[in-house]
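The values are calculated or read from the model by the stated rules, or taken from the named source; none is laboratory data. The model shown is predicted, which means the values in this text are computed figures rather than measured ones. All Cβ positions, glycine included, derive from the backbone under ideal geometry; neighbour counts span all protein chains shown.
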Amino acid sequence: TPLENIRNFSIVAHIDHGKSTLADRLIQSTKTVADRDMKEQMLDSMDIERERGITIKAQTVRINYTADDGQDYILNLIDTPGHVDFAYEVSRSMRAVEGSLLVVDSTQGVEAQTLANVYHAIDADHEIVPVLNKIDLPAADCDRVAEQIEDVIGIDASEAIRVSAKTGIGIKETLEAIVTRLPAPKGTLDAPLKAMLVDSWYDSYLGVIVLVRIMDGQLRKGDRVRMMQNGSVHHVDRIGVFRPAMTEIDVLGPGELGFLTASIKQVRDTRVGDTITHEKKGTDNALPGFKPSQPVVFCGLFPVDAAEFEDLRDSIEKLALNDASFSYEMETSAALGFGFRCGFLGLLHLEVIRDRIEREYDIDLITTAPSVIYDIHMKDGSVEQLHNPADMPDLTHVDHIEEPRIKATILVPDEYLGDVLKLCQDRRGIQENLTYAGSRAMVVYDLPLNEVVFDFYDRLKSVTKGYASFDYQMIGYRTDSLVKMSILVNDEPVDALSTMVHRDRAEMRGRAMVEKLKDLIPRHMFKIPIQAAIGGKVIARETLSAMRKDVTAKCYGGDATRKKKLLEKQKAGKKKMRQFGKVDIPQEAFISALKMD
Ligand code: GDP
Ligand code: MG
């Protein structure tokens, strides 16, 4: 296909503004997929993605379209993730295409992720076509939203397309705009092969599948190619495109997006952003690389039943094959036994992986408190990276501690602004900017990541009744007065409940935690003290009183089946608990104890 007849684009949007629905309509209206095979949200493939309505991995689809000018075009759509945790995936897939549809819900307007994602598109020099979606709804206000796009983002929205991805209004206009308003890709057919590695994932039948964008030259089945970063050479056994099902073809030329397989065993052997060229007569000029995405949130994953440790190892290894941004190493906890310390891109990423282990591998997990990475500057001048509060070195050797900070952008209707400012202030935030876009305020805060990873997003949603939107980026490390707080249950420290807290807030946090734990831990036959401590000093204490009677006592011994049932029920209830010394702590306590309200 000549370059002039190819268009590569992505769709950027805030979550729920209709990106997936629009992609579905584009696929359906061009008969890329037969109507009988059409299911909703074609591109969101994993179960969890479907259930949560989010896209995690970048997905792509090739659409054939005959335009009003009578010519046949190939349109390649990359559907990118819409959640903050995956901002890195958005930015890198943007580099593989020339234009974006900017979808904004015309009943809502510009939101924080609209901004974050459109900036990625602008960074990648995209031509941008604004699309006002959901015009079938009575609350649609296209003029206001178009004005807002111009004011807040600063791009021309006078020719925004008015669409209902639900009913199909404006779909034809959208396809025409892709052809007429987005640029064709550039590239040279008879130059040495230069292909960008856009994404890769593991497939149990085909091994690693590599998504590539051909910049120059041609890639054929049977070629021997070299990954320029590590020099490894591979024999290409398949190439093809997504329609969206994988369809093999013989050759991919400049400007095209497609996949290759080459008996690559692990996703880790492929580097996103790498340049692929031919082993012989290859190019010498690699594309500018990407920085790899680094895990920022860490937590421990332990099996509830210690006998399931090997199963857990197996599931984690399998998941890691397909997800290079998920890291893990073995961890032993005095309280929880053998498990893994795992690193994630953010909390959603953590939840997704945890859910998959529990559901797909059927393992009950204890998840310990999420933690960020602290830089511990020692008195001898060395720096240690602390991934787990339980490993905090002796304070006498520590000079100071630095913690990661983020720049958070929050868009919120006026009436909730006060609550949002208070929330950010409570989380040790420093206000950097406050502006207005219509009746919405846009605030920018510098916040410690540690105050955000846990339940910030939930709190923000709740204080604003769901009307605020939020996005963030890492901005670096800063020194603060941080200490490790330990929790003791029945005088035994429970390492999995240790957290890093700000000194000024330690007492309040400690109090809240012991009160929570008092409610979460069931009564035992004896009194249980629950304490929060810094170093050797107790800063908060509660006592869980002893249970008065055996629960079976009131069965009078007469009704044996009833007694048996009760005991079985108790046993089932215990299944999700772990013993710490003499005390059973339920699984959910490890997360719930940390939530602040
Ligand atoms: P995404 O998060 O951007 O991928 O959004 P989805 O495509 O999943 O859409 C979010 C919700 O909005 C779903 O319930 C869709 O059915 C609904 N939706 C999407 N487009 C339209 C539209 O044009 N009109 C109406 N009324 N609802 C829409
Ligand atoms: Mg979606």
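Name the pairs whose Cβ atoms lie under 9 Å apart, with the first residue in segment 130-157 and of a type in the set (K, R), the second within 16 Å of ligand 2 (Cβ to nearest atom), and 6 or more positions between them or separate chains? Correct list of pairs: K134/H17; K134/G18; K134/D105; K134/Q108; K134/V163; K134/A165; K134/K166.
Restricting segment 1-14 to residues that are in contact with a helix residue (DSSP H, G or I) (Cβ under 7 Å, 6 or more places away or on another chain) and more than 10 Å from N117 (Cβ to Cβ), the residue that is nearest to ligand 2 (Cβ to nearest atom) is F9. Condition first: near ligand 1 (Cβ under 8 Å from one of its atoms), outside any helix (DSSP H, G or I), under 17 Å from the mean Cα position of the chain (by Cα) and modelled with pLDDT under 90. Can you find one or more residues in segment 38-46 that meet it? Yes, that holds for at least one residue. Does F344 fit the bill of being within 24 Å of D203 (Cβ to Cβ) and not basic (K, R)? In short, yes.
For segment 100-111, the criterion of a residue being outside any strand (DSSP E or B), in contact (Cβ under 8 Å) with a residue 12 or more places away in the chain, within 25 Å of H349 (Cα to Cα) and not aromatic (F, W, Y) is satisfied by at least one position. Report the residue count in segment 405-445 for those that are farther than 30 Å from D375 by Cα and in contact (Cβ under 8 Å) with a residue 40 or more places away in the chain. Total meeting the criteria: 9. Checked against (1) assigned to a loop (DSSP other than H, G, I, E, B); (2) touching a Gly at 6+ places or on another chain (Cβ under 8 Å); (3) at pLDDT below 95, A165 passes all but a single condition, namely (3).
Only one of the numbered conditions (1) in contact with a Gly (Cβ under 9 Å, 6 or more places away or on another chain); (2) surrounded by 17 or more Cβ atoms within 10 Å (Cβ to Cβ) is not met by L449, and that is (1). For S20, the conditions (1) hydroxyl-bearing (S, T, Y); (2) within 9 Å of ligand 2 (Cβ to nearest atom); (3) at pLDDT 90 or above are fulfilled apart from (3). Within segment 123-165, restricting attention to residues that are aliphatic (A, V, I, L, M) and surrounded by fewer than 17 Cβ atoms within 10 Å (Cβ to Cβ), the residue that is farthest from ligand 1 (Cβ to nearest atom) is I155.
Hey, among the residues in segment 82-130 that are acidic (D, E) and at pLDDT 90 or above, which one's nearest to T180 (Cα to Cα)?
So in segment 82-130, the residues acidic (D, E) come out as 85, 89, 98, 105, 111, 123, 125, 127.
From what's left, at pLDDT 90 or above: 98, 105, 125, 127.
On the way: E98: 13, D105: 23, D125: 17, E127: 11 Å.
Among those that are acidic (D, E) and at pLDDT 90 or above, it is E127.
The set of residues in segment 418-445 being surrounded by fewer than 17 Cβ atoms within 10 Å (Cβ to Cβ), in a strand (DSSP E or B) and not hydrophobic (A, V, I, L, M, F, W, C) consists of Q431, E432, N433, T435, Y436. Scanning segment 59-83 for residues that are buried (at least 23 other Cβ atoms within 10 Å of the Cβ) and either of a type in the set (S, T, N, Q) or under 21 Å from M442 (Cβ atoms) (or both) turns up Q59, T60, N76, T80, G82.
Just name the residue that is surrounded by the fewest Cβ atoms within 10 Å (Cβ to Cβ) out of those in segment 324-364 that are part of a loop (DSSP other than H, G, I, E, B) and either without any contact (Cβ under 8 Å) to a residue 60 or more places away in the chain or of a type in the set (G, A, S) (or both). Among those that are part of a loop (DSSP other than H, G, I, E, B) and either without any contact (Cβ under 8 Å) to a residue 60 or more places away in the chain or of a type in the set (G, A, S) (or both), it is D362. Run down Y477, Y457, Y467 and say which single residue is part of a loop (DSSP other than H, G, I, E, B) and either touching a Lys or Arg at 6+ places or on another chain (Cβ under 7 Å) or surrounded by 15 or more Cβ atoms within 10 Å (Cβ to Cβ) (or both). From the options Y477, Y457, Y467, the qualifying one is Y467. Identify the residue in segment 220-274 that is basic (K, R) and either in a strand (DSSP E or B) or out of contact with any Ser or Thr (no Cβ under 7 Å at 6 or more places or on another chain) (or both) and, among all such residues, is nearest to D79 (Cα to Cα). For segment 220-274, the residue satisfying everything is R271.
Summed over segment 489-499, the residues that are crowded, with 19+ Cβ neighbours inside 10 Å and outside any loop (DSSP other than H, G, I, E, B) give a count of 5.
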